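Below you'll find the structure, written out as C-alpha cells, and then a few comments.
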Amino acid sequence: MTTSRLLVALLGSLLISGCAARSVRIAELRDQPAKYGNKSVSVSGVVTRSWGIPLVPFQLYNVDDGSGEITVLANGGRTPTRGSRVKVKGRLNEVAVLGGQSIGLHLREQDRKIN
C-alpha cells in the first residue's frame, strides 16, 4: 500500500514538472522559433525598453538575457521599467514567416515576476 502511494506521488510530480513552462535562452528561441512556436516557455533577463500606447489594452517591453533580446506583449498591469530583472512565462508567437525568416517574434505574457 505504501509503495503504491509513493509511486502515485512520484508520477504526479513528474507530470506537474513536465507541464511547467520550460526555461529557455532567448538565442535558442530566435534560432529555432518553430520548435517553441505556440508553446509556453520562460525567459529571465533585464528589461531594456518598455512602452505602451494610451488607450490601447496592451503594453510592450524588451527582455535581454545576455544571449539575445525578445519583445514581450503584456495584456495588463504596469509595464516593468527599464533595468528591472524579470522572469516571464508566455507563449512564443510570430507575426509572419517570410523566406524562412521569422518576423515579429514575440512572447505573449502569461505571468511575470519582477526580481
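Bear in mind that the values in this text are calculations on the coordinates, not laboratory data. What you see is a predicted model, and the numbers here were worked out from it, not measured in a lab. A quick note on method: Cβ atoms are made from the backbone with ideal geometry, for glycine too, and the neighbour counts reach across all protein chains shown.
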Projecting the Cα atoms of THR81, GLY104, GLY37 onto the charge dipole of the stretch 21-114, where Lys and Arg contribute +1 and Asp and Glu -1 at Cβ, the residue farthest towards the positive end is THR81
Local charge sum around ASP31 (other residues, Cβ-Cβ under 14 Å, Lys/Arg +1, Asp/Glu -1)?
-1
Counted charge near LEU73, where neighbours are those whose Cβ lies closer than 9 Å (Asp, Glu -1; Lys, Arg +1)
0
Once you put a point 7 Å from the Cα of GLN32 and another 7 Å from the Cα of GLU69, both along the Cβ direction, what distance in nm separates them?
2.5 nm
Estimate the FRET efficiency between ARG85 and ILE53 by the formula 1/(1 + (r/R0)^6), using the beta-carbon distance for r and 30 Å for R0, to the nearest 0.05.
0.75
What's the magnitude of the charge dipole for the stretch 21-114 around its Cα centre, counting Lys and Arg as +1 and Asp and Glu as -1 at the beta-carbon? Answer in Debye, nearest 20.
320 debye
Provide the three semi-axes, in whole Å and in decreasing order, of the ellipsoid equivalent to the stretch 21-114 as defined by the square roots of 5 times the Cα gyration tensor eigenvalues.
20, 15, 12
